[in-house]
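See structure below.
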Amino acid sequence: FNLKPFAGFEITSDSANYFLIGVYLEDNAGKLFTGEKSNFILTPSVGVGHYDDGHGKALGNSIEFRSTLELSYQLKNNNRIGVSFGHISNANISDDNPGVEILSFSYQIAY
């Protein structure tokens with residue numbers, strides 16, 4: 001498996017923005033579950049960052065944590081198509097912790 005750092009910036013149409021850093025673990029799902037390599041890649045990640053709600057959803061704190069689980073399929077050209085589910089929350093460091101869920105579809109270009 002490969003443990004790697006990441007940094008990201010997300011922005012919404014309501015001017016909410018989120019800058020985060022974290023780590024992700026990339027592993028071949030076939031090897032992980034059946035012992036035989038497949039084209040499916042499992043990528044869980046965790047991160048922490050600064051959230052500004054702009055005119056969007058108030059999440060209760062400027063410090064927010066994100067956990068995500070992604071499953072992608074590696075194509076013959078090494079690009080990937082994937083789906084991920086994530087959760088952003090302040091982990092109850094504030095009295096108000098509504099959280100938000102994110103469903104994403106991606107096409108990733110290898111370089």
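Of note:
- Among N61, V100, N77 the positive-end extreme of the charge dipole of the chain (Cβ point charges): N77
- With N as its number of residues, the chain has a Cα radius of gyration that, divided by 2.2 N^0.38 Å, comes to 1.20.
- Accessible heavy-atom area order of Y18, Y51, highest first, probe of 1.4 Å: Y51, Y18
- Counting only protein heavy atoms and a 1.4 Å probe, the chain has 66 square angstrom of accessible area per residue.
- Cα-centred dipole magnitude for the chain, charges only on beta-carbon of K, R (+1) and D, E (-1), debye, nearest 20: 640
- Stretching the chain fully between L69 and Y107 yields a gain of 12.1 nm (0.36 nm per residue, less the alpha carbon separation).
- Every helix of 4 or more DSSP H residues in the chain counts as -39500 (n - 2.57), and over all residues that averages to -1000 deg cm²/dmol at 222 nm.
- Residue with peak Gaussian network fluctuation, the chain [Cα springs, cutoff 10 Å], from T68, T12, T43: T12
- Straight-distance candidates among the aspartates and glutamates for linking to K4, with alpha-carbon spacing under 18 Å and chain neighbours fewer than 8 residues away dropped: E26, D27, E70.
- Ordered from largest to smallest accessible area (heavy atoms of protein chains, 1.4 Å probe), the residues L59, L69 come out as L69, L59.
- Each Cα pair under 8 Å and six or more residues apart adds its separation to the average, and for the chain the resulting relative contact order is 19 percent.
- FRET efficiency, 1/(1 + (r/R0)^6) with R0 41 Å, evaluated for E26 and K57 via beta carbons: 0.85
The values are calculated or read from the model by the stated rules, or taken from the named source; none is laboratory data. Please read these numbers as outputs of a predicted model, since none were measured by experiment. Because the Cβ atoms are built from the backbone with ideal geometry, glycine has one as well, and the counts that use them run over all protein chains shown. What goes into the accessible areas is simple: the full protein's heavy atoms, side chains included, and nothing from ligands, DNA or RNA. Shrake-Rupley method; radii C 1.70, N 1.55, O 1.52, S 1.80 Å.
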